[in-house]
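Below is one structure, written out as structure tokens, with a few remarks after it.
Throughout, read-outs are computed from the coordinates displayed, never taken from laboratory work. Computed from a prediction, not measured in an experiment: that's the story for all the values here. Cβ: placed from backbone, ideal geometry, glycine included. Neighbour counts: every protein chain shown.
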Amino acid sequence: MSLRGRVVLVTGAGRRVGRAIALAFAERGARLAVHYHRSAAQARAAAQAARRASGAEAAAFRADLADPRTPRLLAAAVARRFGGLDVLVNCASVYEKTPLGRAVPADWDRHMAVNARAPFFLAQACAPYLRRRDGGVILNVADWSALRPYADYAPYCASKAALLCVNKALAKALAPRIRVNAVLPGPVLLPEGTGAARRELIREATLLKRLGSPGAVARACVFLAESADYTTGAELTVDGGRLIA
Ligand SMILES: NC(=O)c1ccc[n+]([C@@H]2O[C@H](COP(=O)([O-])OP(=O)(O)OC[C@H]3O[C@@H](n4cnc5c(N)ncnc54)[C@H](OP(=O)(O)O)[C@@H]3O)[C@@H](O)[C@H]2O)c1
């Protein structure tokens, strides 16, 4: 489907990878809902950059996705503002080190709430709007580590594994009108403060022997929304081969 004039909601789009995804859709002419939680100034700047890129509308929407009430409110606010919705990109995420022996139930709950529960309920809330349009799309940004977990990040990895299950369940439940696919990034943008030695280890662990970029994830999202019209329930790794290394 052509993305020109389509309404796209990207969660966690104020900064980092979500911002790159949002701007890639804007560059294709989409009208953009930039969701954020704490990064208000960055989200407003991203919306402004999107308007410059597309010449189309863009607006920022605040929501704490750990709050079970917000998915419905966010979907309704976006649809009201833009008169509908065509694409939902679930990108917002919590990523915290929670080693065995130190993790507490609240760590588990926080990861599950934002990374798996919110995408599901956001999809549920957006589905009626997507169904009314021709060719609705949902994209779930997961992680290669959903399939090969890190030892010290079990709640995060488990939440992303749950998201992959949600991805398949939604693809079945929402077919044939709405396509649902997942993108599994590898090391595309390391946490701020990652040291040079650690960076080198991560780079060396990929098959392609380089770190990726937020743009690589953004291009995969645009491809799945715009061109992959016979693809649903799929998982596309964008990880430099890290999963199979
Ligand atoms: N970076 C990588 O190399 C990499 C690798 C594998 C997978 N991924 C996946 O790719 C996606 C983007 O990665 P990233 O590194 O850019 O993510 P990130 O910086 O860890 O977080 C993305 C956004 O999630 C939002 N968020 C966190 N808690 C929230 C809450 N309670 N309610 C609403 N929003 C919340 C934050 O919004 P605010 O800033 O507005 O609070 C944040 O900007 C994530 O799904 C991540 O798991 C990234």
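Details
- Folded to 0 to 90 degrees: helix 154-174 orientation relative to the chain principal axis, Cα: 30
- Neighbours of residue 50 by Cβ distance under 12 Å: Lys/Arg scored +1, Asp/Glu scored -1, total +4.
- Every helix of 4 or more DSSP H residues in the chain counts as -39500 (n - 2.57), and over all residues that averages to -13500 deg cm²/dmol at 222 nm.
- Under a model in which nothing but the beta-carbon of Lys, Arg (+1) and Asp, Glu (-1) is charged, the chain shows a dipole of about 540 debye around its Cα centre.
- With neighbour counts taken as other beta-carbon atoms within 10 Å, the residues 223, 82 rank, fewest first, as 223, 82.
- Degrees separating the helix 16-27 axis from the principal Cα axis of the chain, which is the longest one: 30
- With the simple model of a label 7 Å out from the Cα in the direction of the Cβ, residue 197 to residue 81 spans 4.5 nm.
- Using a Gaussian network model of the chain in which every pair of alpha carbons under 10 angstrom is joined by a spring, one finds that among 175, 123, 113 the greatest mean-square fluctuation is at 175.
- Calculated from backbone phi, Karplus (6.51, -1.76, 1.60) coupling profile of the stretch 127-141 in Hz, x at Gly/Pro: 3, x, 6, 5, 5, 6, 9, 8, x, x, 9, 10, 10, 10, 8
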